[in-house]
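Peer 1: Shown below is the structure under consideration.
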């Protein structure tokens, strides 16, 4: 896989991942609806900082680990493949019929608290870390330095996230309404599950 092919494949997969409803989407939508666009943007930027944090953790740790150990590569490959296949099957066979927007923590007192809340919402979600460790290595071409390329992928994911959050904040009510429709949520879950399943199989067949 060339660098251009890797970037295109990652853009397609990460774009779908970005628009699939999750904890970060819920936080930004709730904040936009209740607290207004300013605090919603702070929460969104916090989420993106959390994403960059996971990218840095994976880039630095993963690069050193995979360079040093063939065993580590094999363990990571099979563990990551198993996780992605399991996650994909769960989304395909048991898609959600609802996306919860209600609830959440009490309102923060200061604007900057929303920046911290967004970052912690992402960083304290262990699924985000496991997913990044499983997902990002598949898009690193051979003979390309791992750490810089992984950070590039994370930065691309952040850029997609900012575009998506801009849409969420700018059209809170229409998008929130669409995400309450069972058919929309099921379709997004199954489509995303199919992508995850495909990448899980691809990872299992990958060679160093």
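The values are calculated or read from the model by the stated rules, or taken from the named source; none is laboratory data. Values in this document were obtained by computation on a predicted structure and should not be read as measured data. No Cβ is skipped: glycine too gets one built from the backbone with ideal geometry, and neighbour counts run over all protein chains shown.
Peer 1: Can you say whether residue 179 is at pLDDT below 85 and surrounded by 15 or more Cβ atoms within 10 Å (Cβ to Cβ), as far as the supplied structure shows? Lay out the reasoning, then the answer.
Peer 2: Values: at pLDDT below 85: yes; surrounded by 15 or more Cβ atoms within 10 Å (Cβ to Cβ): yes.
For residue 179, the condition - at pLDDT below 85 and surrounded by 15 or more Cβ atoms within 10 Å (Cβ to Cβ) - is met.
Peer 1: Another question, then. Give 33, 79, 26, 44 a once-over and let me know the one that is at pLDDT below 80 and within 17 Å of residue 125 (Cα to Cα). Break it down into steps so the answer makes sense when it comes.
Peer 2: Numbers: 33 fails: within 17 Å of residue 125 (Cα to Cα); 79 fails: within 17 Å of residue 125 (Cα to Cα); 44 fails: at pLDDT below 80.
It is 26.
Peer 1: I've got another one for you. Step by step: first the residues of region 103-120, then only those that are modelled with pLDDT of 85 or more and under 22 Å from the mean Cα position of the chain (by Cα), then the one that is nearest to residue 49 (Cα to Cα). Which residue is that?
Peer 2: Among those residues, the one meeting the criterion is 119.
Peer 1: Looking at (1) modelled with pLDDT under 80; (2) surrounded by 20 or more Cβ atoms within 10 Å (Cβ to Cβ); (3) farther than 23 Å from residue 29 by Cα, can you tell me which one residue 136 breaks?
Peer 2: All conditions are met except number (1).
Peer 1: Has region 11-19 got at least one residue that is within 13 Å of residue 115 (Cα to Cα), at pLDDT 80 or above and buried (at least 19 other Cβ atoms within 10 Å of the Cβ)?
Peer 2: Step one: list which residues in region 11-19 are within 13 Å of residue 115 (Cα to Cα), which gives none.
No, that holds for no residue.
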